[in-house]
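Step one of this worksheet: look at the structure below.
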Amino acid sequence: MRFHPPSVPRRRRSKPALAACLLWASTGLAHAVPGPSQSPAHHRAHTPAHSPAHAPAHGSAQARQIPHAQQALQGLSVPFEANSGQFDPAVAFTGRTFAGAIHVTRQGQIVYSLAAPAQQQGVTSAPPPEMPPQAPPQAPPKKPPKAPAGTQPQAPSQTPPATQPLSGWSLTETLAGALPLSPTGGEAAATQITRFSGPHSYQPATYRNLHLGQAWPGVQVELAVRGANVEKLFHVAPQADPGQIQVRVDGALSLRLGEGGELVAATGHGDVAYTAPVAFQEVAGRRVEVPVQYALNSRGDGYGFALGAYDQALPLVIDPFLQSTYLGGSGNDAITALALTPAGQVLVAGITRSSDFPGTAGGALAPSAADVHLFVARLSGDLRTLEQSSYLGMNDGGDFHFPSMAILPSGDVVVAGDTSSGNLPGAVNGAQPAHPGARSGFVTRLSADLRTLVQSTYLGGSGGDSLTALAITPSGDIVVGGSTESSDFPGTAQGAIADVAPNTRNGFAALLSADLRTLVSSTYITGADSPTALALTPSGDVLVAGSTTSPNLPATTGSAQPKPGSDNNLRGREDGFITRLSADLRTLKQSTYLGGAANDAITALAITPSGEVVVGGSTGSNDLPGTAGGAQPDYYFIRGNPSDGFVTLLSGDLRTLGQSTYLGAADSDDITALAITPSGEVVVGGHTRFSGFPGTEGGAQPVRVSFGFQSGFVTRLSADLRTLEQSTFLSGESDDHITALATTPSGEVVVGGYTQSRNLPGMAGGAQETNAGTADGFITRLSADLRAVSPQAITFPPQADQVLTATGDTFQISPIATANSGLAVNYTAHTPAVCTVSGTTVTMVDAGPCMLEAWLPSVPGQWLAANGIFVTLQIRRPQVISFPAQADQPFTAGASFDLGPPATASSNLPVDYASTTPGVCTVSGATVTMVSAGTCRLTASQPGNTLWLAATDVSQDIELMASTVSPPSPLPPPPPPAPGPGPGAASPVPVPTLGPWALAWLGTLAAGLGAISLRRRARHSSAR
């Protein structure tokens, strides 16, 4: 756990042990509630409160200096001092933060001594009441621990006068239910303390951290002190139970949880805030945050932790500085170039004077006798592992200037620069194998693993040549740029500008084959005397940028700024320039100046995906063109301010200036690196001397630590340069310079440079945690938005509807919800009668709408809580139709009949009918109307609803049968007359013939007549 004022930015944690889970929390010593004798003006002190009687006058120099000094001291690593007789025997170690003292007893109790408000401005702090200070020993211990010479003496603590109206306050933390503890010193501290007792002095042992030991089965506890902060780390072993962790807090009037997840302890001097805990682990090389919060015990006098789901076999880590690392040996080292591999590894190049540069074993070249070497190094993407380094040095003592670097499509690494050496390694068979002059450019190709030098070549003429920029074409050819004083620079015969006057300084660009064995073409760029940056457009054209003192830059007609802005006599003689060349370097398409009346220099260049040109640099001009409407439209004018940074957006053809903006404050500011994020924003890095640099509030490091030195900065601007989205310092106690910058595909920012600071943030856990020399290189990885607390956004795609065949059926959320933080998203089911969710598994309880919410909590110090995203899907049951067979029907045209028995659905929903034979029958409801005799086919269907799936249709056939009685046939016509006996004879009478119908009719008639006759006879008989 960490103990610090809430307003102070958290520093990098100690290196985690190889544990499954690492927890820590932070607390701050800040009086949030004024005591009776405190002034209301001190309602919430950013640092330990000052006594009104002793506070400097408002606005005084002393008053202004105190906050700066306190901010600077926050980053100092303060050691634990072993008790060798100078403290109460119950105390094992003491550490003195700038907010009070911390005592660790021999039984593992942790006692925080909080100075009274009137004392907090001074250098003393009250000891805990139960452990009064002891008189200093009359003689030093027999064998006091040694310390390096030159350390400063430290006065022993003094007991405050008993007459003070307010005494100190103490809080004591006890690890409840812990195993027997025996605190021991951890890593020896670089800072030593010298104590004096009469004529004697001695140096007690000091430690950067303490190990309290195994407090509970599988849980180790560690302490470290930094500035006003106490870091307490719980290392939880695989399968160990973090629920064992219980800490009792004695001395607090009460404990409560704050709105931001912090634990607030009420004391007699106001509230003390333990900032919200964090938990972190690393999975497959990427960081995964684990939800964690304080859990007060039932008595209200202590706390434990409530953890979300996590992989118990992996360590955890969280920080606004995702990671930093130093890189260097015992000499001076500087990183000047940085690139990211497609796999996410970080490649850096620079210069070194260290013969013990780390990681060079197995590299392409061993160190030579030269004083200055070039180096190339490859680190893991998380900056925790130095995978390989290699020197690139000369045996003849030749030196290098700052190199540039790029990565070929094959993964091989290309480094370019200039050298005075005549025996460049690997130059045999190169495009220019021999050293041509006093100082020449060079290009070297190394294998991707940095273990093999593939090829080198010189590049230059008989004058001095400097190669300052490098880019790779899509086909793998290599484009370089720089400046030359040679009138015989090779390969320019077919270039856009083939010749220059002797003894002049000009720019150049050159195209080499990927194997460095062929110089394809070169061209001069007259007047461009100091090129510093080079980039390729989407169409393959070459852009070169830098600074010039020439009024005769070629091809500026029609450009964004055809003439130089400097007046060449009064305030400035230098302007920025950009030149566009064809891909083959045979055509100079356009150039433009960029600058105002004072000196202006372009040092960084990038191309947007749409082909626009973004440049950055430094300017002393208060009339830089195009700044109206920019994020910072005005130059920060103050006497003694030599420059502000600037960024400018131009059209790809260099004919239109879209927008410029200043970026700086009251002292020297320079932009030295620039990149475009995947979403189009512009990220720049550089250095500044002023604490009021714009936009740092809320940044990963909002306050610069050093005063009077250069501090690094990184700033994110909107794509149109009209909005400053965020800045952050990258600062230690000495000079820090950012020289290179790149963005990852996810938008994170990786910067490199060099530093003399020994307390740059975020180094714990890095490949090299300490500065090994006077100046070392460094690399830092920052979150995409550069903020200490970043917003989270969740994407939750629509989910497919599901079928419930039995209660308890499950399905997986797919595709899963994702967050821009990369954290695993949590899910909640808001319709528990229909569905529940655990992880990404949804259990179906009943049919109906299942509403799921994807959400993420805040991660203290890094991520804000995400807004919940809701997705609703339908869960339905299947249904079937039963359609019994139907009786055939005698056909009667237009007649109707009802279906019976009707079709039914297992859902008990009504069934619909349709006729698929409308020429035979139609149906309405369950009533069928006959149209013609034949087969009537009816289909039963049920379309379903929100609870039921549509049923499969079922059909039945019904025969509509015509009558089997034939209708009577018509009578036949009479036969023709028979032929006569001859002339004059009478014609024979034809005999009539009767058809069956006639015979039947006659028979019926005869029968009827016979019946009538019989009835009559019967009546007559009865009458007789």
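The values are calculated or read from the model by the stated rules, or taken from the named source; none is laboratory data. Being a predicted model, the structure only gives us computed values, none of them experimental. Cβ coordinates were reconstructed from backbone atoms using ideal geometry, including for glycine residues, and neighbour counts include every protein chain displayed. Please note that ligands, DNA and RNA were not included when accessible areas were found on the heavy atoms of the full protein model with its side chains. Shrake-Rupley method; radii C 1.70, N 1.55, O 1.52, S 1.80 Å.
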Within region 97-109, can you find the residues that are closer than 14 Å to Glu81 by Cα and either at pLDDT 85 or above or not small (Gly, Ala, Ser) (or both)? Thr97, Ile102, His103, Val104, Thr105, Arg106
Considering region 208-220 alone, what residues qualify as being assigned to a strand (DSSP E or B) and either surrounded by fewer than 15 Cβ atoms within 10 Å (Cβ to Cβ) or at pLDDT 85 or above (or both)? Leu210, His211, Leu212, Gly213, Gln214, Ala215, Trp216
If you check Phe811 against the conditions, is it buried (at least 16 other Cβ atoms within 10 Å of the Cβ), over 30 Å from Thr385 (Cα atoms) and hydrophobic (A, V, I, L, M, F, W, C)? yes
Candidates Gly848, Gly777, filtered to the one that is open to solvent by less than 30 Å² (accessible area, probe 1.4 Å) and in contact with an Asp or Glu (Cβ under 7 Å, 6 or more places away or on another chain): Gly777
Does at least one position in region 921-941 carry a residue that is polar (S, T, N, Q) and open to solvent by less than 30 Å² (accessible area, probe 1.4 Å)? yes
Within region 486-534, the residues that are over 46 Å from the mean Cα position of the chain (by Cα) and touching a residue at least 60 places away in the same chain (Cβ under 8 Å) are Gln494
Yes or no: Ser539 within 24 Å of Ile676 (Cβ to Cβ) and open to solvent by 50 Å² or more (accessible area, probe 1.4 Å)? yes
Taking only region 647-662 into account, find how many residues are open to solvent by less than 10 Å² (accessible area, probe 1.4 Å) and of a type in the set (A, V, I, L, M). 3
Counting only residues that are in a loop (DSSP other than H, G, I, E, B) and open to solvent by 20 Å² or more (accessible area, probe 1.4 Å), how many does region 781-795 have? 6
From Ala806, Ala819, Ala784, Ala775, grab the single residue that is within 30 Å of Met851 (Cα to Cα), small (Gly, Ala, Ser) and touching a residue at least 24 places away in the same chain (Cβ under 8 Å). Ala819
Looking at Leu316 and the list (1) modelled with pLDDT of 60 or more; (2) surrounded by 20 or more Cβ atoms within 10 Å (Cβ to Cβ); (3) of a type outside the set (Phe, Trp, Tyr), which single condition is not satisfied? (1)
Look at Val825 and say whether it is open to solvent by less than 70 Å² (accessible area, probe 1.4 Å) and within 30 Å of Val749 (Cα to Cα). yes
Could you look through region 723-743, keep only residues that are β-branched (Val, Ile, Thr) and open to solvent by less than 10 Å² (accessible area, probe 1.4 Å), and pick out the one that is modelled with the lowest pLDDT? Thr728
Can you tell me which of (1) in a strand (DSSP E or B); (2) crowded, with 21+ Cβ neighbours inside 10 Å is the one Val520 doesn't meet? (2)
Failed item in (1) assigned to a strand (DSSP E or B); (2) under 21 Å from Ser651 (Cβ atoms), with Ser539 passing the rest: (1)
